[in-house]
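The values are calculated or read from the model by the stated rules, or taken from the named source; none is laboratory data. Keep in mind it's a predicted model, so treat the numbers as computed, not measured. Note: ideal-geometry Cβ built from the backbone for every residue, glycine included; neighbour counts use all protein chains shown.
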Amino acid sequence: MAAKTAKPKAAKAPAAETTTEAPTSEARSRFNAALDEAKAGAAALKTEARDKANAYAGDARARGEDWAADAKTKAGELAVEGKNKAGEALSGLSRIVDENAPAIDEKLGQKYGDYARSASRSIQNTATTLQEKSVEELGENAREYVRQNPGKSLGIAAIAGFLLSRIFRR
């Protein structure tokens, strides 16, 4: 009887393997389909994220350009205002020196009074030149001076920086 029981088990075993292979292959195909769907979803999310990032970058770039344009406009306005104030200050200084020239004549002599009048005319000429030129022309003149006199320019910048630091420290 042992031989009879062995045959039926052997006969049932291939049938059992066939039935487990069908659910396994079906599970594999479903798993592969789900995996493909997940990959497609991830690719779609990646594309969407890239598009949103590009849109945000474009918005940021546009805002930055707007801010830069506003800053450039404001800087130009402040430069013109500063140029005008500097011209007015130089004219005022010229008037003060010129008004004090007679007192210098009396106290120190005609020669020193003439120096004061000459300095007053130079200051007034500088003020007039400053008022007549545009900010761009003044900037180009400054660049040209720096190219021709780099040592003097460095010294002037160092002195101006020192003076400004002393003024703003207080």
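Going by the structure shown, is LYS7 at pLDDT below 65 and in a helix (DSSP H, G or I)?
Here the answer is yes, as LYS7 does meet what is asked.
Quick test for you: out of SER122, SER91, pick the one residue that is surrounded by 14 or more Cβ atoms within 10 Å (Cβ to Cβ), within 23 Å of LEU138 (Cβ to Cβ) and at pLDDT 90 or above.
So the residue among SER122, SER91 that is surrounded by 14 or more Cβ atoms within 10 Å (Cβ to Cβ), within 23 Å of LEU138 (Cβ to Cβ) and at pLDDT 90 or above is SER91.
For region 94-116, which positions are buried (at least 16 other Cβ atoms within 10 Å of the Cβ) and either touching a residue at least 12 places away in the same chain (Cβ under 8 Å) or touching a strand residue (DSSP E or B) at 6+ places or on another chain (Cβ under 6 Å) (or both)?
Within region 94-116, SER94, VAL97, ASP98, ALA101, ILE104, GLY113, ALA116 meet the criteria.
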